[in-house]
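As structure tokens, the structure follows; a few thoughts come after it.
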Amino acid sequence: MTTISNALLQPGTWKATAMIAAIVVTSSAGEVLMAAAMKSMGDLGQIRKRRGIAAVIRAVVSSPRFMGGIVFMALAFFSLLFALNHMDLSLVGPAAASLTLVTSTIAAKLFLKERVDRRRWTAAVLVCIGVYFLAH
Amino acid sequence: MPHHRLSFRQYLILAFVSVSVPLGDSSLARGMTRLPAISLAHPFTLIGAVFTPWIALGIALLIGYFASYLTALSWADLTFIMPATALGNVFVALLAHFWLHEEISWMRWMGVALITIGVAFVAHGPANTTPPGNLAHALGTGLENDGNLIGNPVEMERR
């Protein structure tokens, strides 16, 4: 009986896909924007040594890409809350975590021009499947 | 080919990125379960919860995670750091099994093995494959200015 009522409560496939896609896209956008902001600054550890922690914080906070990253990460968080309101954590958690790995790898290659060679692709896919297995 | 080897300090930061999230989440969970149930009618009791030792420790760990994650992104690729972050899940599974003596299903052990192999694949290669110049070119205008605000120490040292 519980299984039947749970099944009835679950949204349709398209709706569920859209909810998970929203989390995945916003998380990846947030990660890539944040990575772009940090890469543009150079080694923060070195900057802290030369100019102090205040200079690091000032540089990070004043970066538009960093602020954009924060906005997308907040959107990802609220998308996750919304999805959790409609679906089980056991589905949303692993699906979003593992798919984000793959989309972020594609985004890092396209937008950050990272050299994603065969080794990194293999790693992304292995970790993606691993995260899915571990969360079950 | 850009080939940036990591220093011991940078490996320490990566290790902290891996373990801080699971440790922080566990501290928060431990702190919150010890508190009496908080109802929506009294939301301000949540503020008091922040000052309890376990929750304060959890928050400190998560702030530390964010700071070390940003630092790591400044000298390593996103595709290098992401698998390292996933390694934290492996630590949790190992702690749960060997310290808390929890049963781990074969599927979870498979997950542990796959993540470990994946991280080994990435760790074997270069940490950073995008020199700042390439990135600025890739993303268009704006980044160069960001970089000039404080200068890029790695590039400055090369000069």
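Looking only at region A:94-123, filter to residues that are β-branched (Val, Ile, Thr) and buried (at least 23 other Cβ atoms within 10 Å of the Cβ); which one of those is nearest to the other protein chains (Cβ to nearest Cβ)?
My answer is A:Thr105.
Just checking, how many residues over region A:26-74 are free of Cβ contacts under 8 Å to residues at least 24 places away in the same chain and closer than 16 Å to B:Thr71 by Cβ?
The qualifying residues number 21.
Going by what's in this entry, would B:Gly147 be described as modelled with pLDDT under 80, facing another protein chain (nearest Cβ under 8 Å) and within 24 Å of the chain's Cα centre (by Cα)?
Yes, satisfied.
Of everything in region B:1-47, what is aromatic (Phe, Trp, Tyr) and farther than 27 Å from B:Ala84 by Cα? Give them in sequence order.
Within region B:1-47, just B:Phe44 meets the criteria.
Of the residues that make up region B:65-77, is at least one in contact (Cβ under 8 Å) with a residue 40 or more places away in the chain, surrounded by fewer than 18 Cβ atoms within 10 Å (Cβ to Cβ) and within 14 Å of chain A (Cβ to nearest Cβ)?
Of region B:65-77, the ones in contact (Cβ under 8 Å) with a residue 40 or more places away in the chain are B:65, B:68-69, B:71-72, B:75-77.
Those still in the list that are surrounded by fewer than 18 Cβ atoms within 10 Å (Cβ to Cβ) too: none.
Looking through region B:65-77, none of the residues is in contact (Cβ under 8 Å) with a residue 40 or more places away in the chain, surrounded by fewer than 18 Cβ atoms within 10 Å (Cβ to Cβ) and within 14 Å of chain A (Cβ to nearest Cβ).
Select from region A:12-28 the residues that are within 8 Å of the chain's Cα centre (by Cα) and either under 10 Å from A:Ala108 (Cα atoms) or modelled with pLDDT under 90 (or both) and list them in ascending order.
A:Ser28
Go through region A:91-131 and report how many residues are among the β-branched types (Val, Ile, Thr) and either in contact with a Phe, Trp or Tyr (Cβ under 8 Å, 6 or more places away or on another chain) or not in a helix (DSSP H, G or I) (or both).
Residues meeting the conditions: 3.
Could you grab the pairs with beta carbons closer than 6 Å, sequence gap of 6+ or different chains, first residue in region B:114-130 and more than 7 Å from chain A (Cβ to nearest Cβ), second one small (Gly, Ala, Ser)?
B:Ala127/B:Ala76; B:Asn128/B:Ala76
Please specify each residue of region A:19-51 satisfying the condition of being surrounded by 24 or more Cβ atoms within 10 Å (Cβ to Cβ) and hydroxyl-bearing (Ser, Thr, Tyr).
Listed by number, the residues that qualify are A:Ser27, A:Ser28, A:Ser40.
Which residues, taken from region A:51-70, are charged (D, E, K, R) and more than 24 Å from A:Ala108 (Cβ to Cβ)?
A:Arg51, A:Arg58
Let me confirm something: among B:Ile104, B:Ile47, B:Ile115, B:Ile55, which residue is of a type outside the set (Lys, Arg), more than 20 Å from the chain's Cα centre (by Cα), in a helix (DSSP H, G or I) and over 24 Å from A:Gly45 (Cβ atoms)?
Of the residues listed, the single one that is of a type outside the set (Lys, Arg), more than 20 Å from the chain's Cα centre (by Cα), in a helix (DSSP H, G or I) and over 24 Å from A:Gly45 (Cβ atoms) is B:Ile47.
The values are calculated or read from the model by the stated rules, or taken from the named source; none is laboratory data. None of these values were measured; they are calculated from a predicted model. Don't worry about glycine lacking a Cβ; one is built from the backbone with ideal geometry, like all the others, and counts go over all protein chains shown.
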